[in-house]
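Colleague: This is the structure I want to talk about, given as structure tokens.
The values are calculated or read from the model by the stated rules, or taken from the named source; none is laboratory data. Note that this is a predicted model, so its numbers are computed, not measured. Note: ideal-geometry Cβ built from the backbone for every residue, glycine included; neighbour counts use all protein chains shown. We work out accessible area using only protein heavy atoms, side chains counted, and drop any ligands, DNA or RNA first. Shrake-Rupley method; radii C 1.70, N 1.55, O 1.52, S 1.80 Å.
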Amino acid sequence: MTELTLEHIVSSLVYGLIGMGLFVFTLFVLEWIRPFPLEKKIVEENNTAVAIVVAAVIIALGMIYSAAIN
């Protein structure tokens, strides 16, 4: 087993911050290009279909960014 060093910890933190930054940026872009506000559709109108699509997008983005960072 490899030894955990400060370099490994710092690189994990940097890659984690990059991934989360890309994720937040993508969610802002997703909200910007939609013709309707996602929060209103999900929370106020209880639109389950929109919530499922947003969840699928979030999972897919997480998988893509995880593969890209590795």
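Colleague: From the phi of every residue in the range 9-22, what ³J(HN,Hα) in whole Hz does the Karplus formula 6.51 cos²θ - 1.76 cosθ + 1.60 yield, where θ is phi - 60° and glycine or proline is x?
Modeller: Karplus values, whole Hz, x for Gly and Pro: 5, 5, 5, 5, 5, 5, 5, x, 5, 4, x, 5, x, 4.
Colleague: Within the chain, which is the longest segment that contains none of the GluC sites (Glu not before Pro) sitting in a DSSP loop with at most 13 other Cβ atoms within 10 Å?
Modeller: 4-44
Colleague: Per residue, what accessible area does the chain have, given a 1.4 Å probe and all protein chains present, in Å²?
Modeller: Ligands and nucleic acids excluded, the result is 82 Å² per residue.
Colleague: Okay, next question. Any chance you could give the angle, 0 to 90 degrees and rounded to 10, that helix 48-69 forms with the longest Cα principal axis of the chain?
Modeller: Value to nearest ten degrees: 20.
Colleague: Out of LEU13, LEU38, LEU27, any idea which swings most in a Gaussian network model of the chain, alpha carbons joined below 10 Å?
Modeller: Taking springs between Cα atoms under 10 Å, the residue moving most is LEU13.
Colleague: What's the long-distance tail for the chain, i.e. % of Cα pairs beyond 21 Å?
Modeller: Of all Cα-Cα distances in the chain, 41 percent exceed 21 Å.
Colleague: First compute the accessible area of the range 1-64 with a 1.4 Å probe, then give the percent of it belonging to carbon and sulfur atoms.
Modeller: 73 percent
Colleague: Can you work out the FRET efficiency for the pair ALA56 and LEU4, with r the C-beta to C-beta distance and R0 = 35 Å, to the nearest 0.05?
Modeller: 0.50
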